[in-house]
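Notes to accompany the following structure.
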Amino acid sequence: MANEKSFMKALKCRECGHEYPLTATHVCEFDFGPLEVVYDYEAIRGSLTRASIESRPQTMWRYRELLPVAGEPTVGTQVGFTPLVKADRLAKRLGIRELWIKNDAVNYPTLSFKDRVVSVALSRAVELGFTTVACASTGNLANSVAANAASAGLKAYVFIPADLEQGKVVNSLVYGANVIGIKGHYDEVNRLCAEIAGKYGWAFVNVNMRPYYAEGSKSLGFEVQEQLGWRIPQHTVIPMASGSLLTKIHKSYQEFSKLGLVPNTKWKVHGAQATGCNPISAAQKAGLDFFKPVKPNTIAKSLAIGTPADGFYSLRVMKDTGGHCDDVTDDEIREGIRLLADCEGIFAETAGGVTVGVAKKLIASGKIPAEDSAVLCITGNGLKTLDAVANHVGQTREIRPSLREFEGLLEAEGAACKA
Ligand SMILES: *Cc1c(COP(=O)(O)O)cnc(C)c1O
Ligand SMILES: [Zn+2]
């Protein structure tokens, strides 16, 4: 079976094109450009068809030829194929003809899209012989590394900003990972991890394993295209932390279209950030090709990266596709969370509030035309960021267990039982 063959060719510098062997390395020696996995698309064309994909189990690994592992994946083999939900009620509220929610809030096993990148990075880490894995994280990545490392019998060190939501912290500790809280912003966590990665022989999923890790995000885009009936959505709204997910969803559309799996139609990729950490959005709105680093201050902690590694490339993708970018305040983030919950029964974390809030702005301003169709990427689960909304969703009304008291309550609210 074709699955026993590697379709990866090399790592290649995105700047100068210099090629490197497929090891745990991520920057070019000549210009410090980021390295990216290149594939043998001719070989893939012969093996990956709509029919072959549809015959495989419903996980992200049904697109295995386009994911960077040499053999069969060994970690996170059940990740992905999350629901694509037609969101008619939300569409009506936002004023757009057709709207879809890609719901990675229910990804397996840790309820965020990070399970995709981690299953790829850890499967590749095992192939390369690592026994200790690590990451620099804004929360969800730490959860996923901790859980997937536990199930694979790998040792894990996860590094997070010390002030993360309790839900994110507990969701790493419970798996027995070494959780290190750094007194500083993510950007400082990341800098420290680069030093540690250089000194210890560990697989840092988003440092020395980053070229493999990042490719895992493509699976979200592959699924969207298949679930839409083999087509590319006109508009995709994507939350951005480092900007990697946005660039890789774009790449997934390019690859499927190049392989003839979907018709080659036009698409626009739009980015979403929090106003309290908007380096990419600020640059896009000002028409700049480069972002200026910021100090994050937002309830959307999963997106709080002030110096985004893929900021430059995500700006280029938005420019090339004619996409837009915007950002929303903490109040607008909470409103976005409530809107999605209210209309579609989906409880997203703060990043989801960012995506819905920005989509609302882009539709209202006509940047996403009302007669078009759009996909919103919901990337994490609201159960992990309860603190952000707990005091903004109303309160329980308490009564004694008595019918009279209940009816008194209904009467007081003018909603007395008519039966
Ligand atoms: C990490 C994360 C993102 C964005 O990731 P990047 O690829 O770094 O832009 C989006 N949403 C959630 C919930 C995340 O945890
Ligand atoms: Zn280079």
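Every number in this text was worked out from the coordinates using simple rules, so none of it is lab data. Being a predicted model, the structure only gives us computed values, none of them experimental. So basically every Cβ, Gly included, is an ideal-geometry build from the backbone, and we count neighbours across all protein chains shown.
For the stretch 86-166, the number of Lys pairs separated by eight or more positions or lying on different chains, with C-alpha atoms closer than 27 Å, is 5.
How much net charge surrounds residue 85 when only other residues with a Cβ under 11 Å from its Cβ are counted (Lys, Arg +1; Asp, Glu -1)?
Result for the local shell: +1.
When each of 7, 204 is scored by the number of other beta-carbon atoms lying within 10 Å, the sequence from fewest to most is 7, 204. Evaluating 6.51 cos²θ - 1.76 cosθ + 1.60 at θ = phi - 60° for every residue in the stretch 289-294, the Karplus couplings come out as 8, 10, 9, 10, x, 10 Hz, glycine and proline recorded as x.
Look at where the Cα atoms of the stretch 258-292 and of the stretch 354-377 average out, and the two centres are 13 Å apart.
Only Cα pairs under 8 Å and 6+ residues apart enter the sum, and on that basis the relative contact order of the stretch 1-85 stands at 32 percent.
How high is the relative contact order of the chain? Use alpha-carbon pairs under 8 Å, at least six apart in sequence, and give a whole percent.
15
The Kirkwood hydrodynamic radius of the chain, based on inverse pair distances between different Cα atoms, is 21.9 Å. Take 268-274, 224-230 and order them by the average number of nearby Cβ atoms within 10 Å per residue, most first; the result is 268-274, 224-230. Near the amide H of residue 80, within less than 5 Å, lie the amide hydrogens of 60, 108, all on another chain or at least 5 residues away, with H placed in the peptide plane. Fewest neighbouring Cβ atoms within 10 Å first, the residues 212, 20 line up as 20, 212.
Charge dipole (Cα centre; +1 on Lys/Arg Cβ, -1 on Asp/Glu Cβ; no other charges) of the chain amounts to roughly 400 debye. With viscosity set to 0.890 mPa s at 25 °C, what whole-number translational diffusion coefficient in µm²/s follows for the stretch 100-168 from Stokes-Einstein and a Kirkwood radius over Cα pairs? So the translational diffusion coefficient is about 197 µm²/s.
Under 5 Å between amide hydrogens, built in the peptide plane, is the criterion, and for residue 277 it picks out 297 among residues at least 5 positions away or on other chains. Projecting the Cα positions of 356, 21, 243 onto the charge dipole of the chain (unit charges on Cβ atoms of Lys, Arg, Asp and Glu, taken about the Cα centre) puts 21 furthest along the positive direction.
Panel values: the stretch 304-350, Kirkwood radius from alpha carbon pairs, Stokes-Einstein at 25 °C and 0.890 mPa s, translational diffusion coefficient 190 µm²/s. Over the stretch 1-152, the pair-distance histogram of Cα-Cα distances with 10 Å bins from zero comes to 10, 30, 34, 20, 6, 0 percent, rounded to whole numbers. Scanning residues 5 or more positions from residue 99 or on other chains, those with amide H under 5 Å from its amide H are 87, 374, with H placed 1.01 Å from N in the peptide plane. Fewest-first ordering of 413, 223, 19, 255 by other beta carbons within 10 Å of each residue's beta carbon gives 413, 19, 255, 223.
With a simple spin-label model that places each label point 7 Å from the Cα along the Cα-to-Cβ direction, the separation between residue 195 and residue 178 comes to 1.6 nm.
Among the lysines, select those whose C-alpha is under 22 Å from the C-alpha of residue 258, and discard any that sit fewer than 8 residues away in the same chain. Leaving aside lysines fewer than 8 places away in the same chain, those within reach of residue 258 are 5, 9, 12, 218, 248, 266, 268, 319. Each label point was placed 7 Å from the Cα along the Cα-to-Cβ direction; for residue 31 and residue 88 their separation is 5.1 nm. Partner aspartates and glutamates whose Cα lies under 14 Å from the Cα of residue 285, excluding those fewer than 8 positions away in the same chain, are identified as 326, 327.
Using only side-chain charges placed at the Cβ, +1 for Lys and Arg and -1 for Asp and Glu, the dipole size of the stretch 1-79 relative to its Cα centre rounds to 380 debye.
With R₀ set to 22 Å, the beta-carbon distance separating residue 41 from residue 372 gives a calculated FRET efficiency near 0.15. The length gained by stretching the chain between residue 364 and residue 56 to full extension, at 0.36 nm per residue less their Cα-Cα distance, is 106.8 nm. Out of every Cα-Cα pair that the stretch 324-408 contains, those further apart than 19 angstrom amount to 47 percent. With a cut-off of 13 Å between beta carbons, the residues surrounding residue 286 carry a summed charge of 0, where Lys and Arg count +1 and Asp and Glu -1.
Counting only Cα atoms, the size of the stretch 165-321 along its three principal axes is 48, 36, 30 Å, in decreasing order.
The distance from the alpha carbon centre of the stretch 13-68 to that of the stretch 166-235 is 17 Å, rounded to a whole number. Protection proxy ranking for 174-187, 134-147, using the average of other Cβ atoms within 10 Å per residue and placing the highest first: 134-147, 174-187.
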